[in-house]
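Presented below is the structure to which this report refers.
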Amino acid sequence: MQEFNGRTVLAYIDDTTSVDTPGTSMTTANAELMVCLTNNTFDGSTSAIATTSKCSGKFASSIGGEQSWTMGAEGNSALLGISEEAVLASHNKLFKLWRAGEPFWMFQYDTARNTMRYGVVRIDSDGEAYPDNAQATYSITFTGIGDVFDQDDIAGS
């Protein structure tokens, strides 16, 4: 079995395709790579609805409630060996998307497209660090809006 290396899972944004497009009609045709990421994440959660009563015994019980999801990205604001213009364009575009507060499509998938997570997001957190004599970095939190999709849902899969 081949190792699944996180380095092959990249993150992309699509602020061209309408957020009203059904997730199962989406393609990656307009997806733009987020340049020089050091880490990207997907987190899904389900809120618990307590069902514990006096009859439950010693342990609490619950059923699944609402589901939510986020994606995250951390990156370098510039990197030797990569076009400075490309890196800064990616970094600055993310800032502008946060400032606008408008939703857009986001994708994370490995280069073989064996695993994919995508959906409509908005940026709820944009952190930037400019330490003395060190790499400038940024950290972004993307909050999912509505359903999240995977590799089996993408158009043409």
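Quick look at the numbers
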| quantity | calculated |
| --- | --- |
| Any pair with Cβ under 8 angstrom, 6 or more apart, that starts in the range 27-55 at a residue that is without any contact (Cβ under 8 Å) to a residue 24 or more places away in the chain and ends at one that is acidic (Asp, Glu) and loosely packed, with under 11 Cβ neighbours inside 10 Å | Thr46/Glu66; Ser47/Glu66 |
| Residue satisfying condition, being under 18 Å from Leu97 (Cα atoms) and either surrounded by 12 or more Cβ atoms within 10 Å (Cβ to Cβ) or of a type in the set (Phe, Trp, Tyr) (or both), within set Asp15, Asp20 | Asp15 |
| Residues (at pLDDT below 90 and within 18 Å of Thr143 (Cα to Cα)) located in the range 13-36 | Met34 |
| Which listed residue is loosely packed, with under 11 Cβ neighbours inside 10 Å, at positive phi, at pLDDT below 95 and among the small types (Gly, Ala, Ser), from Gly81, Gly64 | Gly81 |
| Residue within the range 5-12 that is within 13 Å of Phe107 (Cα to Cα), more than 14 Å from the chain's Cα centre (by Cα) and touching a residue at least 60 places away in the same chain (Cβ under 8 Å) present | no |
| Check on Thr27, polar (S, T, N, Q) and not in a loop (DSSP other than H, G, I, E, B) | no |
| Enumeration of residues in the range 109-157 that are assigned to a strand (DSSP E or B), among the polar types (S, T, N, Q) and either surrounded by fewer than 14 Cβ atoms within 10 Å (Cβ to Cβ) or modelled with pLDDT under 95 (or both) | Ser125, Thr137, Ser139 |
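The values are calculated or read from the model by the stated rules, or taken from the named source; none is laboratory data. Every value quoted in this text rests on a predicted model; they were computed, and no experiment measured them. Because the Cβ atoms are built from the backbone with ideal geometry, glycine has one as well, and the counts that use them run over all protein chains shown.
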